[in-house]
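The next block holds one structure in the form of structure tokens; read it before the comments.
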Ligand SMILES: [Zn+2]
């Protein structure tokens, strides 16, 4: 797995937080968030009350655990703020659900949701109520691709539009179980 740009961390991170909520029926606490970051090979460089700061070669990451939400800001270490993303997880009282979404700092260029749809989990039944398309990123000789598991692909295919790029909202060109997006330049692969 690679985490170069904010998107390459934001998508797998949202997926893992969603899986945590599906399993535990609640948002992760501070220590659990630390454990999640460690799964990505990222160690904190500074701790303050309610806030954790992480640094990698390419990214600066701020993690806040609020009373009823988790906010994770992912900023390129170059300071290129237009690429910055925010992962937010919160309880939506009106929906009776826990929601995880990826919000671009610069949403002028973007039409739609990163990951097609936010993660929406019914708080009572702990069932996934939306159709998010999330995965992790891998690099090979063809470039960098979003890799999604078969379960996600089958759900996406049966309930959504597989022509839409989950990264940028552009149009995907499929060849078998591989796709390429001419708009954002990422590939997409189905694994498993
Ligand atoms: Zn795209």
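The values are calculated or read from the model by the stated rules, or taken from the named source; none is laboratory data. Treat the numbers as computed from the prediction; the structure is a model and nothing was measured. As a convention, Cβ positions derive from the backbone with ideal geometry for all residues, glycine included, and neighbour counts pool all protein chains shown.
Data table
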{"quantity": "Checklist (1) surrounded by 12 or more Cβ atoms within 10 Å (Cβ to Cβ); (2) free of Cβ contacts under 8 Å to residues at least 40 places away in the same chain; (3) within 15 Å of the ligand (Cβ to nearest atom); (4) more than 14 Å from the chain's Cα centre (by Cα) applied to residue 153, failing item", "calculated": "(3)"}
{"quantity": "Selected residue [in contact with a strand residue (DSSP E or B) (Cβ under 9 Å, 6 or more places away or on another chain) and touching a residue at least 60 places away in the same chain (Cβ under 8 Å)] from 59, 47, 22", "calculated": "22"}
{"quantity": "Test set (1) without any contact (Cβ under 8 Å) to a residue 40 or more places away in the chain; (2) farther than 18 Å from residue 2 by Cβ - residue 164 fails condition number", "calculated": "(1)"}
{"quantity": "Conditions (1) more than 14 Å from the ligand (Cβ to nearest atom); (2) surrounded by 14 or more Cβ atoms within 10 Å (Cβ to Cβ); (3) assigned to a loop (DSSP other than H, G, I, E, B); number of the one not met by residue 166", "calculated": "(1)"}
{"quantity": "Some residue of region 132-154 being assigned to a loop (DSSP other than H, G, I, E, B), closer than 25 Å to residue 20 by Cα and modelled with pLDDT under 95", "calculated": "no"}
